[in-house]
Structure formats: C-alpha cells, structure tokens
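The values are calculated or read from the model by the stated rules, or taken from the named source; none is laboratory data. On a predicted model such as this, the values are computed, not experimentally measured, just so you know. In this analysis, Cβ positions are derived from the backbone assuming ideal geometry, glycine residues included, and neighbour counts consider all displayed protein chains. Note: accessible area is taken over every heavy atom of the protein model, side chains too, but ligands, DNA and RNA are not part of it. Shrake-Rupley method; radii C 1.70, N 1.55, O 1.52, S 1.80 Å.
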Amino acid sequence: TKSIHSAQDMTTSLKMCQLMGMNCATLTDFSFSLRGFTRRGGATDVHSHGWGLCFYDGMGLRSFHDPDPAAESLLAEFLQSHPVKTLNVVAHIRYATRGEVKLENVHPFSREMWGCNFCFAHNGDVSLFDRNLFQKSNNNIKHSQSINTNPNDNQSKTRTSIPQKMSLIFSSSYTQIPWIGKSIGVEDPGIRYYNPIGATDSETMFCAILNALRARFDTLPTLPVLHAALSALCNEIVTRDKETMGGNTILNFLLGCGPHLQFAYSWPGAREGSEVWNGLHYLVREPPFGSAHLSDCD
C-alpha cells in the first residue's frame, strides 16, 4: 500500500491545500488515514475551506465533496464511520486562494475520457491557469440571437441544428482556457472539449491536460506512453508558467486514472514570504504491517 500526502509543517499557517492519496495492491480500508487527514481541515491546521474525496469502486468513481471544514463535516464523519475498501483513492482539503469557498471549487475534480474516470487534486500555484487573467469571448451572445426555433422562418437557406446551436451557447459561456500540447505534438485546434466549472486554477489545468491528451490519443494509451505524455505536459506547464507569467510555480498533484492507476507529480517550491517547502512525499507499506500512529488525533 502506498500513501501519499503533502509534506508540510503543521505548526505553521501555510495557507495552501493538502493532498492525500492511496494506491493499493489489494482492497484496503482508507478510513484510518482519512480520520487523521480530516482533522487538518480546520482543527489541527487551517485548511478549512472545503474538502473532497474520490475513490474507485470497480470502474465507477464515488465522489464526495463538501465546502464546509473537513473537521466539522457530517459527510466526513459518515465516511469514517462506514468503512469502504478500495484500490485507489484521492482526497483533498482546501485553503482557498483562487475561487470562492463554494462547492464547485472543491477538489478532487473528475471527468470521463476514453471510457475511464479521471480524478485530479492539486496543491500549489500555477498563474498560467488563473481564470481572472483570461480574456472571455462571446459572453454577450444572447439566446434570442443564437437560436431560431421557428420552422417557418425561411430567411436563411442555411440552417444550424438545435443541438449545434445549444453547443454554441454553452461554449460561449466558458472562458477560453490556455492550450497546452506542443510538447506531445498537438497544436491548438481552437476548441476546448473539457472546460472548468469552478474558478480555480487547479480545475482549469486539469481540463487543459485532458484536452491535450484527448487531442493526441484516440484511446487510452499504454502506461509507459501515458506516463511520458503526462511528464512532457507537466514540463510544458512549468516552462510556460515561468516564461509567460513570471510565476513562482508550485505544481503538486495526484491524478487517478481508473481503479488501479494513480499518477503523482511534484514541482515543489515555497510561496513568496514563506520558508515552508511545498512538495509531496510517499510511504510504502507492506506486510508484515506494524502499528500506525495518527499525530493529528492521538
């Protein structure tokens, strides 16, 4: 069993989200680790702006999200009192820096691609995907200008189907998110299949990664190929963030890809004015198992 979480000094007010992941060889109950992790969401630390958890049940993905502090959440209490076993789980406690304290901004985010459920939780700062810096386009398109449902209107010989028009309307409500993908050989097609719902840089980056992968591969590639593509995209994100935004890039994430696979990536760093180093570390547990201690509970 491998457990991954943010390597952070719990005695400081770090003002950054924390992650916890677990990827297992056999079905494993994660409620023990979750009990300690949720205490950091407002009790033993300051990450009180919501929490979320995704775990795989076969090919399905069970998702739980709450904008309330994890330490006070009845939903978190429910999960701890109803142990569930899984092979793959990703959890997140939030300290809001981009986006309000709302349900739509709570990690992990999830999308379907290639018939597989992906989930994503992020810790860090990537200004390249700050939605406040994007230029919105076509937001003034009105329903009356976009849809013509009158079958007797013959003013135009060329007509667009209702589904196509509805697609245009919904697309116009989105902010055009940055395109990444040159590192894996795909140029910007001018459209975005995946778009963020909330206002975080994290969800926007997740969508950008999926858009690039979807443009490059028609079906789920082999593990080495997918790993290489993700590595290239991460390097591209870090490079572009530093070159175009001049940002102090901190990029740590967990990416679940189906019931057996979890990617962990870390480009660590310290926030401006902070000496605390933000990265990831992992622990491998294997039999015979010894006793474990929860510093946030015991």
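Modelled with pLDDT under 95, small (Gly, Ala, Ser) and within 26 Å of residue 54 (Cβ to Cβ): which single residue out of 274, 231, 295 fits that description? Don't jump to the end; show me each part of the working.
Working: 274 fails: within 26 Å of residue 54 (Cβ to Cβ); 231 fails: modelled with pLDDT under 95.
Exactly one of 274, 231, 295 is modelled with pLDDT under 95, small (Gly, Ala, Ser) and within 26 Å of residue 54 (Cβ to Cβ), namely 295.
Residues of the stretch 151-182 that are among the small types (Gly, Ala, Ser), modelled with pLDDT of 50 or more and over 29 Å from residue 16 (Cα atoms): 161 alone.
What are the residues in the stretch 107-123 that are open to solvent by 40 Å² or more (accessible area, probe 1.4 Å) and more than 12 Å from the chain's Cα centre (by Cα), if any? Scanning the stretch 107-123 gives 112, 114, 115, 117. Exactly one residue out of 97, 86 is in a loop (DSSP other than H, G, I, E, B) and among the hydroxyl-bearing types (Ser, Thr, Tyr), and it is 97.
Checking each residue in the stretch 227-248 for being buried (at least 16 other Cβ atoms within 10 Å of the Cβ) and part of a loop (DSSP other than H, G, I, E, B) picks out only 247.
Restricting the stretch 39-91 to residues that are among the basic types (Lys, Arg) and open to solvent by 50 Å² or more (accessible area, probe 1.4 Å), which is nearest to the chain's Cα centre (by Cα)?
Taking the stretch 39-91 first, the residues among the basic types (Lys, Arg) are 39-40, 62, 85.
Then keep just the ones that are open to solvent by 50 Å² or more (accessible area, probe 1.4 Å); that gives 39, 62, 85.
Numbers: 39: 21, 62: 15, 85: 22 Å.
Only one residue fits best here, namely 62.
Which numbered condition trips up residue 252, out of (1) open to solvent by 60 Å² or more (accessible area, probe 1.4 Å); (2) in contact (Cβ under 8 Å) with a residue 12 or more places away in the chain; (3) not hydrophobic (A, V, I, L, M, F, W, C)? The single condition residue 252 does not satisfy is (1).
Looking across the stretch 38-51, the residues that are out of contact with any Leu (no Cβ under 9 Å at 6 or more places or on another chain) and either at pLDDT 75 or above or polar (S, T, N, Q) (or both) come down to 44, 48, 49. Consider the stretch 266-298 and keep the residues that are closer than 19 Å to residue 28 by Cβ and aromatic (Phe, Trp, Tyr). The one that is most open to solvent (accessible area, probe 1.4 Å) is 282.
Taken over the stretch 198-226, the criterion of being of a type outside the set (A, V, I, L, M, F, W, C), under 16 Å from residue 180 (Cα atoms) and open to solvent by 20 Å² or more (accessible area, probe 1.4 Å) is satisfied by 214, 216.
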